[in-house]
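The values are calculated or read from the model by the stated rules, or taken from the named source; none is laboratory data. Quick caveat: nothing in here was measured; it's all calculated off a predicted structure. Here the Cβ is made from the backbone with ideal geometry for all residues, glycine too, and neighbour counts use every protein chain on show.
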Amino acid sequence: MVPEEPESGEEAPVVEAAQYISELFDLTSAAPTTLSLTVAQYEAVWYDVVAAYESVSDEIGNNFSPRGAFVGCLLRTEGHDFMDYRITNGTMTGGSDGCINLNEADNLGLPSCIAEFGIEPIYAMHSSYLSLADFFVIMAEAAMSRSATHYNANNPFAEGTLA
């Protein structure tokens, strides 16, 4: 899961063509909506994302940060899910619904970074009770929290704590 700095001229990992981001995840037994979520379930997802962050190299070189790329991938995925609206027969749908149209130019690169950082297996551990849309929200929150300057590993959910 640790990405290496791309070599000059090297291409990103090839991901099978998909129209929607949901096609990159195994949703056969996934919850279509999150009916309820306990604190323990929320924290389990959060800690799994933080563990994935910790497994990414923290070495920065040649203006490239693997952890920065990880956080950027997760935030960009959630942001584009949140901002992806469609108008069908005069009705606007979309928002945080786990359905990003990957054929839109703004969404290019999302399949590659999701594959590169192993996001699908993290979701698979929680998909029986957590919708893909809600997973995207929690993964982005965990990535932002963990990468914060004043992250406190002893009390990561403390409000306004300084390390």
query = If you scan region 46-87, which residues turn out to be closer than 20 Å to residue 111 by Cα, of a type in the set (Gly, Ala, Ser) and in a loop (DSSP other than H, G, I, E, B)?
reply = 65
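Per-residue answers, yes or no, for (1) of a type in the set (Ser, Thr, Tyr); (2) under 12 Å from the mean Cα position of the chain (by Cα):
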{"residue": "70", "(1), (2)": "no, yes"}
{"residue": "73", "(1), (2)": "no, yes"}
{"residue": "79", "(1), (2)": "no, yes"}
{"residue": "83", "(1), (2)": "no, no"}
{"residue": "88", "(1), (2)": "yes, no"}
{"residue": "94", "(1), (2)": "no, no"}
{"residue": "99", "(1), (2)": "no, no"}
{"residue": "102", "(1), (2)": "no, no"}
inquiry  = Step by step: first the residues of region 105-117, then only those that are at pLDDT below 95 and outside any helix (DSSP H, G or I), then the one that is nearest to the chain's Cα centre (by Cα). Which residue is that?
reply    = 109
message = Between a residue in region 151-163 that is closer than 18 Å to residue 42 by Cα and any residue that is basic (Lys, Arg) and modelled with pLDDT of 85 or more, which pairs come within a Cβ distance under 6 Å, given they are 6 or more apart or on different chains?
response = none
task = Might you let me know whether region 91-99 holds any residue that is touching a helix residue (DSSP H, G or I) at 6+ places or on another chain (Cβ under 7 Å), surrounded by 13 or more Cβ atoms within 10 Å (Cβ to Cβ) and among the polar types (S, T, N, Q)?
result = yes
query = When the residues of region 22-42 are filtered to those that are under 11 Å from residue 126 (Cβ atoms) and not in a loop (DSSP other than H, G, I, E, B), which remaining residue is nearest to the chain's Cα centre (by Cα)?
reply = 42
request  = Could you run through region 126-155 and say how many residues are in a helix (DSSP H, G or I) and of a type outside the set (Ser, Thr, Tyr)?
outcome  = 14
request  = Return the pairs, sorted by first residue and then second, in which the second residue is surrounded by 15 or more Cβ atoms within 10 Å (Cβ to Cβ) and among the acidic types (Asp, Glu), the first residue lies in region 25-42 and is in contact (Cβ under 8 Å) with a residue 40 or more places away in the chain and under 14 Å from residue 137 (Cα atoms), the beta carbons are less than 9 Å apart, and the residues are 6+ apart or on different chains.
outcome  = 33/134; 34/134; 37/134
